[in-house]
Amino acid sequence: MITPELAPLAKVGGLGDMVASLSKELGELGHDVRVVLPLYGHLKDKLYDWQPMPTPLAVRLGAWRELFCRVWQTTLAEGKVSIFLLEHDQLFNREGIYAGPHGDYNDNHLRFAFMNRAALDLCYACGWMPDVVHGHDWTAGFAPGYLSSTELHQPLGRAASVYTIHNLQHQGWFGRDALTVAGLPDAFFKPDHYEADGGVNLMKGAIYHATRITTVSPTYAREIQESTFGCGLNHVLKLRSADLTGVLNGIDTTEWNPATDPHIAACYDKNDLTGKAACKAALQRRFGLAEESSTPLYGVIARLYDQKGLDLLAAIMPSLMEEMSLQLVLLGAGDSGLENTFRSLAKAYPSRIGVHIGYDNALSHQIEAGSDFFIMPSRFEPCGLNQLYSMRYGTVPVVRATGGLADTVEPYIEGKGQGTGFIFKEPAAKDLFFALGRANAVYYDRPGDFQQLRLNGMMQDFSWGASARIYERVYREAVAERTRRLRAPALRETALPRVVADVG
Ligand code: ADP
């Protein structure tokens, strides 16, 4: 696995959770999984049970540039997964993963080319040749290109590449020199390789070069082939649709388990929900809200960016406060305008709205446990994890029908107690308002249905078992395809079906 994030070591969003839990699950299934990521500045003082590798790793980039790094190693899941951290202070000893206080780091192409190249060079250094190199999101976009160029006639050339799109919005756009810096061939600066609009687009190149592509839910896999969700790459994805599989993310059911969660005020399970009431009271106290057990409490945990649609929620908050009896707690950080809007709302309604701007893992567990409902009005949502955590914690999700939200939340059917949550279609403030109105009405007027919805969610199985099996299948298909291509000389120079013109 080549990844910029791995929970809990380095995590900005769901990508970190996914790589950690998929790796563990594959390890449990008996695969030899090795994960490579950079040693970021915040990890420097957390290396107590890590072993440094005895010799520095030489990483061969473009223009004969060779950089050296120290590699730290440990294992996860009782030794079933190996983790390697790449220590290169000049590139990674910084506060953020992708960005600092002034925005994206301007040498991100070098930083992540280094991560990809180092991961491959580490295989040679360890004398270990994987069957599959699995890269995640734009930062791992160089690896499929290496496998079909510099590595083609090397031992690693036999490895298939699987590339997972976690979020198509972030594609890794750079100038032409990104290829030179990485040491990828100049010939890849073409529209059917890495070139797009005169620059380099790492995700586009990876989509062309990977043996197989996955994304994190079946609905998102369909959506990204259409112009509305395709972020300019829909044509390229359509071209490769036969090789694209949507696999729903699972969750780490040990980390997210209300029966054993050490972060929450009282544990509970589907047979006895009394602990959940204690969690709600603790959450209300934590945010200084009125401690009313009978008022529905809505939770939000999200990166505060356009994708998450929380501007829609902000827009209707004053009318919600006027017309409905409910409370809201929000945990998130991101866009400073949205942060300030929610801070002001908390100031205006201190006993009914609680806001914490920042990143806080323990608090995210407390919100999942203490809320009655969870709101996700996303404009797009590749998979989404919080709706899955919510259902597991008996917290009923109110979501927009997109991507993984549409795949995992079943709509409530009035009077029948069926479904697991409330769904609305259009990304519009009024649609969210009506969905919240329906949720609130069920809470007050049909308490039996509300309890049933809660239990329906708690009975869902979102563990990794089934999804890891699908990844196994994708890996096997990728290996078979790679082998077939290597045996056919005409197909050797590219790992892909060639296209003559840029359709992207
Ligand atoms: P995305 O990857 O788009 O951010 P997901 O729902 O897939 O969205 O995953 C988000 C993950 O990050 C979840 O585990 C969520 O709990 C966590 N998270 C997001 N924001 C925060 C925050 N401010 N504090 C703690 N955890 C957060």
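The values are calculated or read from the model by the stated rules, or taken from the named source; none is laboratory data. Since this is a predicted model, take the numbers as computed values, not measurements. Note that each Cβ is placed from the backbone with ideal geometry, even for glycine, and that neighbours are counted across all protein chains shown. With ligands, DNA and RNA removed, areas are computed over all heavy atoms of the protein, side chains included. Shrake-Rupley method; radii C 1.70, N 1.55, O 1.52, S 1.80 Å.
Taking the Cα atoms of the range 119-161, the ratio Rg/Rh between the radius of gyration and the Kirkwood radius comes to 0.93. Both the radius of gyration and Dmax for the range 64-205 are 15.2, 47 Å, in that order, over alpha-carbon atoms.
For the chain, the mean residue ellipticity at 222 nm estimated from helices alone is -11000 deg cm²/dmol, where every DSSP H run of n ≥ 4 contributes -39500 (n - 2.57) and the total is divided by all residues, rounded to the nearest 500. For N234, neighbours were defined as the other residues whose beta-carbon sits under 10 Å from its Cβ, and their charges (Lys and Arg +1, Asp and Glu -1) total -1. For the range 338-475, report the translational diffusion coefficient in µm²/s to the nearest whole number, using Stokes-Einstein at 37 °C, 0.692 mPa s, and a Kirkwood Rh over Cα pairs. It comes out at roughly 203 µm²/s. Backbone geometry of the range 468-473 corresponds, through the Karplus equation with coefficients 6.51, -1.76 and 1.60 at θ = phi - 60°, to 3J(HN,Hα) couplings of 4, 5, 5, 4, 4, 5 Hz, x marking Gly and Pro. Dipole magnitude for the chain: computed about the Cα centre from +1 point charges on Lys and Arg Cβ and -1 point charges on Asp and Glu Cβ, it is near 700 debye. Kirkwood radius and radius of gyration were both taken over the C-alpha atoms of the chain, and their ratio Rg/Rh is 0.99.
Taking the three principal axes of the alpha carbon atoms in the range 147-230, the coordinate ranges are 37, 30, 17 Å, sorted in descending order. Surface analysis of the chain yields an accessible area of 40 Å² per residue, using protein heavy atoms and a 1.4 Å probe. Extension gain for L152 to W50 (0.36 nm times residue separation, less C-alpha to C-alpha distance): 33.4 nm. The accessible surface of the range 343-451, taken with every protein chain in place and a 1.4 Å probe, is 54 percent carbon and sulfur. Pairs of alpha carbons in the range 335-416 separated by more than 16 Å make up 62% of all such pairs.
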